[in-house]
Amino acid sequence: MDHLDRLEAQSIFILREAYKKFGKLGMLWSIGKDSTVMLWLAKKAFFGHCPFPFIHVDTTHKIPEMIAFRDRMAKEYNIELIVHKNQEALDAGMGPDKGRLVCCKALKTDGLQQVVTKYEFEGLILGIRRDEEGSRSKERVFSERNKDSEWDYTNQAPELWDQFKTDFPKGNHIRVHPILHWNEMDIWAYIEREKIELVDLYFAKNGKRYRSLGCAPCTGQIDSNAVTVAQIIEELKNTKVGERAGRAQDQEDSYAMQKLRKDGYM
Amino acid sequence: MDIAREVLNIVVVGHVDHGKSTVIGRLLYDTKSLPEGAIDRVKKIAKEKGKPFEYAYLLDAFEEEQKQGITIDTTQLQFRTDKRDYVIIDAPGHKEFLKNMISGAASAEAALLIIDANEGIQEQSKRHGYILSLLGIQKAYVLVNKMDLIQYSEEKFNNIKQEMNEFLHSLHVYPLKYIPVSAFHGENITALSDKMPWYKGEPVLEAIDLFEKDKGLEGKPLRFPIQDVYKFDNRRIIAGRIEAGTLKTGDEILISPSNKVTKVKSIEYWVEKDKTESISAGMSVGITVEDEFFNQRGEFISHTYDAPITADTFKASLFWMGKNDLVKNKEYKLKLATQEVECEIYAINKVIDATTLENLENASQAKTNDVAEVTIKTKREICFDEFKNNQNTGRFVIVDGYDVCGGGIVTGLAQERQSVSKFSKQDDEIVVKCFDEYYYVLSEGGIKKVEGVPHSFNIGDVIPSTGVTYEYPADFNVVDIKKRLVAKIRKSKLQDITSFDECSYESIPSIDPQGAFIKIHSAEDFTKFAIDLAKLQQSENSKIAAFANEWFDFMKFRQIRYLNETKSLEIEYQI
Ligand SMILES: Nc1nc2c(ncn2[C@@H]2O[C@H](COP(=O)(O)OP(=O)(O)OP(=O)(O)O)[C@@H](O)[C@H]2O)c(=O)[nH]1
Ligand SMILES: [Mg+2]
């Protein structure tokens with residue numbers, strides 16, 4: 001087994017544990033590279049089937065190509081898709097002009113919380129990775145959230161030998177993180193090896209491309225001429241800039257992500 | 001990136017404030033493994049907080065951690081040398097966060113134990129050393145840190161080395177190296193320090209490349225715990241991760257503890273390029289088998305010639321991290337590989353203070369942060385190995401309430417092994433002797449009983465309906481007249497156990513747990529039997545023989561065979 005085989009095997013093991021343990025399980029699909037890799041891993045774990053719904057929390061500020069890609073892939077992969085918007089907040093005019101963190105909280109965190117409550121999810125699969133930023137680096141693979149989706153990060157349950165947390169009071173839910181142990185380079189190397197189709201936005205047009213995909217107003221492009229996965233891998237080898245440098249919400253203050261994530265952000 | 005590269009997980013442990021996070025931060029900094037801006041961000045935070053710069057902030061990401069200058073939870077970072085990739089795991093040193101230290105250390109293969117040269121060996125230095133030995137981490141270096149505070153003194157370094165060696169050796173932990181360092185000042189981290197010319201070894205960065213990785217588990221006996229069984233399409237796929245060994249299409253396999261034998265029909269895959277005829281340790285796989293038994297999560301697949309231990313009582317060493325004490329006679333949940341079973345602590349043989357190594361014999365409870373030697377009894381039989389033979393299938397966790405509260409390793413079997421065979425369904429249990437064999441032994445001139453290998457049969461398990469000296473039909477009932485329970489055997493499998501009161505006449509034979517035919521031939525017989533049984537229960541034991549003589553025919557399904565002598569009379573079930 002090589003490095004990617006080991007990462008893949010561990011992720012599949014985690015996905016299967018989640019499927020076995022949670023009656024109500026859903027996977028968050030942000031259309032980005034990480035969650036698209038997870039979709040692929042789920043297909044592998046369940047031999048071509050996807051035995052749980054995929055959830056897209058739509059902020060309506062997503063880049064249009066992402067929505068087109070989402071709908072096409074959902075058909076091709078034959079997956080059940082739940083699209084949810086925090087309509088109330090949108091009707092009240094919520095947008096990044098109200099403050100980036102306020103907007104993230106309303107449209108993503110609260111939107112997600114609404115989905116959890118509505119469908120009574122016990123388990124939510126998310127494609128976060130330890131190398132993304134500090135508070136994620138401290139995450140567990142099975143990470144409990146209370147009924148308000150809050151994360152009690154200073155008092156996390158022990159997790160050892162792949163015996164995950166599967167007992168919790170009703171109303172709480174578990175965030176399952178199958179690719180927590182991957183890094184950005186692993187993701188690209190895996191996409192290259194498995195030939196996974198991605199939304200075009202990752203590939204350079206007119207000297208620019210997205211390295212990380214979020215909402216249009218808060219995600220910047222980087223200068224790049226990489227038009228293939230192999231070229232992206234080459235580019236990453238030679239960069240020292242952090243992956244999420246283009247994500248505005250991370251830069252707001254030193255603990256912005258910690259605060260967002262404490263309240264239930266992905 | 002070269003994907004064929006080796007990866008080694010190293011955990012950094014030791015007493016609070018001895019410099020674990022600083023060692024890692026400095027290693028990352030000196031090897032230029034940090035993304036742009038990381039150091040600037042830490043400088044900014046230090047300035048905002050009005051504190052001096054700390055490398056530890058690179059790992060201690062939470063605001064609470066930076067404020068208090070303490071690691072609360074474990075984290076993992078990756079970096080690389082020319083030789084291989086590393087996952088370096090930071091563990092908290094504060095006693096209160098031992099559960100987080102263990103969460104981090106449990107996935108490591110090697111360890112760096114940090115000791116502050118100025119403070120010397122402290123409580124958690126020892127406790128962490130003990131935990132390493134329990135986790136089976138044998139590759140360890142001791143880093144004597146903050147050498148700057150003791151003027152880089154060789155003598156003090158040697159004193160610490162001697163004292164720590166004494167402690168660790170008694171735990172069978174043998175540190176491969178002691179390295180004097182000053183993490184904050186970068187001495188002996190990536191390059192040899194000119195402040196300590198007396199040190200003749202390698203700097204940390206070179207030393208970790210010398211850790212030899214464990215050999216793969218592919219060559220060990222096959223252990224494939226069933227994780228789940230899928231029936232999404234016309235395939236019935238048994239899914240799971242291979243914990244040890246190698247499995248090929250066509251291999252004969254044994255499924256334990258139900259004792260079923262079948263063959264691997266196919267190895268399943270989704271994308272064509274994953275097609276294979278051979279799978280091995282570490283892989284998450286799916287197979288189909290030739291005989292479609294009822295399989296379920298928790299069962300172990302092995303080769304027929306190398307089965308795991310099946311038992312319901314075993315000895316273990318465990319560490320306890322629960323808020324509530326670990327006590328005897330309380331119901332806990334035990335998780336071992338994919339098995340989950342209720343268990344109780346049958347005996348606490350010893351409680352050990354992990355820092356003084358003082359023993360408390362026959363204690364009645366273990367407190368948080370204690371280490372204990374216990375005997376555990378599970379509600380039904382489970383499969384496992386001794387930890388020394390197979391780490392993955394020799395360790396388990398104990399859940400109390402909602403949380404994992406203890407972790408343990410199997411050190412051996414308890415003396416009191418199961419000695420009888422039984423049918424069981426949750427709390428209902430019928431002890432059976434119907435699979436015992438009877439021989440007339442010519443050399444001894446008498447009849448001798450040979451007991452079957454003790455085994456627990458659960459619902460769905462195939463039972464040995466044909467022996468050497470007995471033969472039951474495929475469908476029959478076993479009536480336990482004392483417990484008023486009936487075990488229903490259908491197609492030679494244990495289908496159900498119900499109360500006698502819920503049963504009515506069926507046109508198939510019934511036997512008692514000894515194997516005697518119960519002379520019920522009609523519905524009237526059944527009614528009379530029920531009445532007699534009710535009467536029997538109200539009278540004394542002396543009436544049992546009369547009852548048995550009236551109703552039981554011991555020889556109907558049995559015969560007594562001749563044997564020259566009673567050599568090699570151990571019988572195995574042929575199923
Ligand atoms: N003088 C000196 N101070 C050091 C050295 N290494 C670490 N320190 C300081 O020791 C303090 C504790 O260091 P940390 O790295 O946070 O210690 P730790 O072991 O990670 O602590 P916990 O994770 O909370 O258990 C910090 O203030 C460091 O700057 C060293 O080599 N020399
Ligand atoms: Mg620390």
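The values are calculated or read from the model by the stated rules, or taken from the named source; none is laboratory data. Source: prediction; values computed, not measured. Counting neighbours? That spans all protein chains shown, and the Cβs are built from the backbone with ideal geometry, glycine included. Remember, those area values only see protein heavy atoms, side chains included, never the ligands or the DNA or RNA. Shrake-Rupley method; radii C 1.70, N 1.55, O 1.52, S 1.80 Å.
Key figures
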read-out: Convex hull per residue volume in Å³, alpha carbons only, for segment B:421-553; value: 122
read-out: Cα gyration tensor shape for segment B:107-257, rounded if a/c is under 1.5, else prolate or oblate; value: prolate
read-out: Distant-in-sequence amide H partners of A:L81 (H built 1.01 Å from N, under 5 Å); value: A:F54
read-out: For segment B:15-20, Karplus couplings with θ = phi - 60° (6.51, -1.76, 1.60), whole Hz, Gly/Pro x; value: 5, 4, 6, 7, x, 4
read-out: Rg and Dmax of segment A:98-154, Cα atoms only, in Å; value: 12.4, 33
read-out: Test item: Cα-centred dipole of segment B:7-208, Lys/Arg +1 and Asp/Glu -1 on Cβ, debye; value: 160
read-out: Reference-scaled alpha-carbon Rg (2.2 N^0.38 Å with N residues) for segment B:224-303; value: 0.98
read-out: Gain on full stretching of the segment that runs from B:K265 to B:I544 - 0.36 nm per residue minus C-alpha separation; value: 95.3 nm
read-out: Isotropic mean projected area of the C-alpha convex hull, segment B:7-208 (nm²); value: 10.5
read-out: Under 21 Å between alpha carbons - lysine pairs in segment B:224-303 that sit 8 or more apart or on different chains; value: 12
read-out: Backbone HN-Hα couplings from phi across segment B:266-282 [Karplus 6.51/-1.76/1.60, Hz, Gly and Pro as x]; value: 8, 10, 8, 7, 9, 8, 3, 5, 8, 4, 7, 10, 9, 10, 8, 3, x
read-out: Reference-scaled alpha-carbon Rg (2.2 N^0.38 Å with N residues) for segment B:67-106; value: 1.36
read-out: Residue-averaged [θ]222 nm for chain B, counting only DSSP H segments that reach four residues, each worth -39500 (n - 2.57); value: -5000 deg cm²/dmol
read-out: Calculated over segment B:69-138: convex hull of Cα atoms, volume per residue (Å³); value: 115
read-out: Cβ-Cβ FRET estimate between B:E471 and B:D532, R0 fixed at 41 Å, reported to 0.05; value: 0.90
read-out: Cβ-derived FRET efficiency at R0 22 Å, A:D223 paired with A:D71, nearest 0.05; value: 0.15
read-out: Rg and Dmax [Cα atoms of the protein assembly as shown; Å; Rg one decimal, Dmax integer]; value: 30.9, 100
read-out: Label-point gap, in nm, between B:L442 and B:N564 - each point 7 angstrom along Cα→Cβ; value: 0.8
read-out: Radius of gyration and maximum dimension Dmax of chain B, Cα, Å; value: 30.6, 100
read-out: Segment A:38-89 - Debye-derived log10 I(q)/I(0), Cα point model, q = 0.17, 0.31 Å⁻¹; value: -0.58, -1.24
read-out: Cα centroid separation, segment B:6-42 to segment A:19-71 (Å); value: 34
read-out: Cβ-based charge dipole, chain A, positive-most Cα from A:L90, A:M73, A:I128; value: A:L90
read-out: Carbon and sulfur %, accessible surface of segment B:313-463 computed with the full protein complex present, 1.4 Å; value: 44
read-out: Cβ-derived FRET efficiency at R0 25 Å, B:D427 paired with B:V327, nearest 0.05; value: 0.70
read-out: Cut-off 15 Å, label 7 Å out along Cα→Cβ of B:K51, residues of segment B:62-83 by amide N; value: B:62-73
read-out: Cβ crowding within 10 Å averaged over residues, with B:126-135, A:22-31, B:491-500 ranked highest first; value: B:126-135, A:22-31, B:491-500
read-out: Value of D in µm² per second that Stokes-Einstein yields for chain A, Kirkwood Rh from Cα pairs, at 10 °C (1.306 mPa s); value: 84
read-out: Alpha-carbon centroids, segment A:130-200 and segment B:454-490: separation in whole Å; value: 47
read-out: Of B:I70, B:G93, B:V11, farthest towards positive along the dipole that unit charges on Lys, Arg, Asp, Glu beta carbons give segment B:7-208; value: B:V11
read-out: Cut-off under 5 Å, modelled amide H: who pairs with B:N349 long-range; value: B:E373, B:V374, B:T375
read-out: Positive-end residue of B:A337, B:Y55, B:T22, charge dipole of chain B with Cβ unit charges; value: B:A337
read-out: Spacing of the two label points (7 Å from each Cα toward its C-beta) at B:E361 and B:N389, in nm; value: 3.0
read-out: Square roots of 5 times each gyration tensor eigenvalue, C-alpha, segment B:311-413, largest first, Å; value: 20, 15, 12
read-out: Helical contribution to [θ] at 222 nm, DSSP H n ≥ 4, -39,500 (n - 2.57), averaged over chain A, rounded to 500; value: -10500 deg cm²/dmol
read-out: Vicinal HN-Hα couplings computed from phi for segment B:321-338 (Karplus, 6.51 cos²θ - 1.76 cosθ + 1.60; Hz; Gly/Pro x); value: 10, x, 5, 8, 5, 7, 10, 7, 6, 10, 7, 10, 9, 10, 10, 9, 6, 9
read-out: Separation of the A:Y119 and B:H172 label points, Cα + 7 Å toward Cβ, nm; value: 4.9
